[in-house]
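Input: a single structure, listed below in structure tokens.
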């Protein structure tokens, strides 16, 4: 984005763009846990005033990627593999419950809408339109939450999904994972359509475990690559930790 375009763009758009860049760097491990986000340096980097940077920081805090610490400012949250595993595990239980309730409570029109969105996602997956697929993926899960007809559960599910959104979003950028996601959705949607609460709950829980495995495997690959570049004992230990975490994720089944 050019300097002129940055000056003309709405402030909210600028803050979202900055937040997305920083989010990606945090998720990919380029900004490590505990790293201080320098407001002045980031404003200079993106050639903007400090106001949209502050707003971007607020977005990162709301997504549980950063936190404000007295006398330190905004720092990257603890995003260890263990912490990420815990978030995926919690989301799996929440979504499983949503699936079970939605299977018994969705109206006929709600089930039809869910099936229509799933079919649209199948077409997007075949066309390789990952960006639109990711958007409809969010909408499909939102439909399942809404199908519980429980306002408190819907709120909890949305809050937890917001925390995991950066990690889940990064997975839907390659054909292999999109195809796997689509196949998992087929079983989830059929369970809900057929009012099979047990299947819907189990498949949604496994869907989140699959997401966790995909992310942790990608993270492990990055850690191994970084370790090979550094060639240090510390790097090798980090790679071993990543492999152990991947094995624990598989053990959640």
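The values are calculated or read from the model by the stated rules, or taken from the named source; none is laboratory data. None of the values given here were measured: they were computed from a predicted structure. Here Cβ is always computed from backbone atoms with ideal geometry, including for glycine, and neighbour counts include all displayed protein chains.
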Tell me, please, whether a residue that is assigned to a helix (DSSP H, G or I) and under 19 Å from residue 207 (Cα atoms) can be found in segment 71-82.
yes
Does residue 188 meet the test of being modelled with pLDDT of 90 or more, closer than 23 Å to residue 87 by Cβ, assigned by TED's automatic domain parsing to the domain that holds residue 123 and over 17 Å from the mean Cα position of the chain (by Cα)?
yes
Subset of segment 2-39, residues surrounded by 14 or more Cβ atoms within 10 Å (Cβ to Cβ) and at pLDDT below 75, comes to 6, 9
From the options 91, 58, residue that is under 20 Å from residue 166 (Cβ atoms) and in the same structural domain as residue 114 (by TED's automatic domain parsing):
91
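Residues checked against (1) modelled with pLDDT under 85; (2) within 30 Å of residue 112 (Cβ to Cβ); (3) under 19 Å from the mean Cα position of the chain (by Cα); (4) not assigned by TED's automatic domain parsing to the domain that holds residue 95:
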| residue | (1), (2), (3), (4) |
| --- | --- |
| 152 | no, yes, no, no |
| 161 | no, yes, yes, no |
| 169 | yes, yes, yes, no |
| 197 | no, yes, no, no |
| 223 | yes, no, no, no |
| 236 | yes, no, no, no |
| 246 | yes, no, yes, no |
Which listed residue, of 48, 53, 74, is closer than 18 Å to residue 15 by Cβ, more than 25 Å from the chain's Cα centre (by Cα) and surrounded by 14 or more Cβ atoms within 10 Å (Cβ to Cβ):
48
Collect the residues in segment 128-138 that are closer than 21 Å to residue 206 by Cα and either touching a helix residue (DSSP H, G or I) at 6+ places or on another chain (Cβ under 6 Å) or surrounded by 20 or more Cβ atoms within 10 Å (Cβ to Cβ) (or both), keeping them in residue-number order.
133, 134, 136, 137
For segment 81-90, check the following and say yes or no: at least one residue is exposed (fewer than 15 other Cβ atoms within 10 Å of the Cβ) and over 30 Å from residue 199 (Cα atoms).
no
Counted residues in segment 89-109 being part of a helix (DSSP H, G or I) and more than 25 Å from the chain's Cα centre (by Cα) come to 4
Candidate set from segment 159-173 (those that are in contact with a helix residue (DSSP H, G or I) (Cβ under 8 Å, 6 or more places away or on another chain) and surrounded by fewer than 15 Cβ atoms within 10 Å (Cβ to Cβ)); member that is farthest from residue 216 (Cα to Cα)
162
Subset of segment 23-57, residues out of contact with any helix residue (DSSP H, G or I) (no Cβ under 6 Å at 6 or more places or on another chain) and assigned to a helix (DSSP H, G or I), comes to 24, 25, 26, 40, 41, 44, 45, 51, 54, 57
Taking residue 125 as the residue in question, decide whether it is assigned by TED's automatic domain parsing to the domain that holds residue 204 and surrounded by fewer than 16 Cβ atoms within 10 Å (Cβ to Cβ).
no
